[in-house]
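The block underneath contains the structure these notes are about, expressed in structure tokens.
We did not get these values from a lab; they are worked out from the coordinates using the rules stated. Model, not experiment: these values are computed from the prediction. Note that each Cβ is placed from the backbone with ideal geometry, even for glycine, and that neighbours are counted across all protein chains shown.
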Amino acid sequence: MLDEALPPFAATCGHWALRAERPPEPEDHLAALCETMALLIEDDSGDEARFSAHLAPWASACLADLSCVDTPFYARLGELGNAFLAHERRQLEDEAAHEPLRVVEP
């Protein structure tokens, strides 16, 4: 619904020449990727590949940068996010290390 409503609204704002007084904030791509990963994880296949391809290369660096900001809330959020990613990475590595059991009936 939002993707249908937003473009006409943005076009109208441009027509009225509305501008933000401060520079616009960048979109939160990390949150969007995490939300997408949460939806994709339900099918329970390819989780490690998705994590390695889409989050692992840059998310830790992004959250490390966030943990260095002067705002305490965002600094703690960066630390929490990095702890979560480290936990997820370990969990995926543990799952990948286990050999699947094969049940053979006599």
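Structure above, values below:
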read-out: Cα-projected label distance for ALA31 with ARG90, points at 7 Å along beta-carbon direction, nm; value: 2.8
read-out: Spin-label model distance (nm) - ALA38 vs GLU79, 7 Å beyond Cα toward Cβ; value: 2.3
read-out: For the stretch 46-98, with +1 on Lys and Arg beta carbons and -1 on Asp and Glu, the positive-most of LEU63, PHE51, TYR74 along the dipole; value: TYR74
read-out: Pairwise label distance in nanometres, HIS98 with SER67, each label 7 Å out on the Cα-Cβ vector; value: 2.8
read-out: Neighbour-count ranking [beta-carbon atoms within 10 angstrom, fewest first] of THR71, THR36; value: THR71, THR36
